[in-house]
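Worksheet for the structure shown next.
The values are calculated or read from the model by the stated rules, or taken from the named source; none is laboratory data. Not measured: the values here are computed from a predicted model. For neighbour counting, all protein chains shown are included, and Cβ atoms are generated from backbone atoms with ideal geometry for every residue, glycine included.
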């Protein structure tokens, strides 16, 4: 499995960012590349656990069924593919100074096939990395500017 | 090299651009040449420009990032797209570095297309006429940032554009562009050397880049000029920003700067995520 990891610092407390990530209904607002996002089955806490997703990556549209799970309250949210392109993903949050947190977006994926697939996998690493960066930038902007016009700590 | 900080002073510089003459813009010439230039941009750069419908009526300050060295193909594409979408009668002036508006022959063509030497007075005069203005606050530093930073907004902390838009009461319309830096490769921006040689004092030049391009290979300071590789260029117009509505009559300029550059960084990263294999698409 190919693993790609990207991180970003967000000038918001970890709990605030986690609240944004925790509700998967928010994800299409910042998850770059999503063109389809349909909840399939409701989770105990009201979240949908299974989602039909369509992700536009590079020149391809990838569809599949994704299971959201593996939540560690305030720290981590994981998901994995049930159908479609095989992959696992996670957002991990850590404190990074006062009222600031570090969000890491991990993605692991693999492709069936031989030598050509390996080449495609290498190429995909760069493409997925750019998509992860774009997603994290959008998440940062959403948390810092769209939740409240004034980021905490900037009032002075 | 189109762009610059409109707050910059011209005094003391050996390189001076053409005096600002808003009447030099030639709508009839633009109308005649637009199809040919757009065909070239479409065939060579497979240019895509989206979001012009977001531009509100009346004068606006387009604020962009630009790339690709002296030729800044994304600037040319933005100007062409504006004229194609709104028609040549809705005037757009682009604030250009004195070096660009001071070059004989080239300067005549760029001025007729709407380039004016960067300056606050020039921009305000354009607004007073009901025209819009395109500015690239990152200037020569941004246009020659290293290739590894091609997907970063880099305005070098310059905030003059914010004060300009706020004072004139015009909305800022962010415009992000991606692909221009794949038309050549900037190995280093040479800022230290430029400082050592005191180029800023001599010609408002803050960088002395070393680039790799066709057909001459290595170039220093933009010379010899390069032939741009046929990289795909995408331009995206973002939602307008009303500084008065968002930050009030006495904005915290640092905060306003962070907001505008943050939104532009999101737009640029999103464009970059569509890139498959540079420079092809």
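It is to be established whether one or more residues within the range A:144-151 are outside any strand (DSSP E or B), more than 9 Å from chain B (Cβ to nearest Cβ) and modelled with pLDDT under 90. Yes: one or more hits. Residue A:103 passes every criterion in (1) modelled with pLDDT of 95 or more; (2) under 25 Å from residue B:239 (Cβ atoms); (3) exposed (fewer than 15 other Cβ atoms within 10 Å of the Cβ) apart from (3). For the residues A:131, A:107, the requirement of being assigned to a helix (DSSP H, G or I), under 12 Å from the mean Cα position of the chain (by Cα) and under 18 Å from residue A:54 (Cα atoms) singles out A:131.
Taken together, B:19, B:100, B:39 contain a single residue that is over 22 Å from residue B:261 (Cα atoms), outside any helix (DSSP H, G or I) and out of contact with any helix residue (DSSP H, G or I) (no Cβ under 6 Å at 6 or more places or on another chain), which is B:19. Residues of the range B:231-281 that are in contact (Cβ under 8 Å) with a residue 40 or more places away in the chain, facing another protein chain (nearest Cβ under 7 Å) and assigned to a loop (DSSP other than H, G, I, E, B): B:275 alone.
One residue alone among B:149, B:163, B:192, B:158 is surrounded by fewer than 16 Cβ atoms within 10 Å (Cβ to Cβ) and either more than 20 Å from the chain's Cα centre (by Cα) or within 26 Å of residue B:60 (Cβ to Cβ) (or both), and that residue is B:192. When you scan the range B:199-220, do you find a residue that is touching a strand residue (DSSP E or B) at 6+ places or on another chain (Cβ under 8 Å), closer than 25 Å to residue B:97 by Cβ and within 14 Å of chain A (Cβ to nearest Cβ), even just one? There is no residue in the range B:199-220 that is touching a strand residue (DSSP E or B) at 6+ places or on another chain (Cβ under 8 Å), closer than 25 Å to residue B:97 by Cβ and within 14 Å of chain A (Cβ to nearest Cβ). The condition (being assigned to a helix (DSSP H, G or I), surrounded by 14 or more Cβ atoms within 10 Å (Cβ to Cβ) and within 14 Å of chain B (Cβ to nearest Cβ)) is satisfied by just one residue among A:119, A:136, A:55: A:136. Just to be sure before I move on: is residue B:177 within 20 Å of residue B:96 (Cβ to Cβ) and touching a helix residue (DSSP H, G or I) at 6+ places or on another chain (Cβ under 9 Å) in the structure I sent? Spelling it out, residue B:177 is indeed within 20 Å of residue B:96 (Cβ to Cβ) and touching a helix residue (DSSP H, G or I) at 6+ places or on another chain (Cβ under 9 Å).
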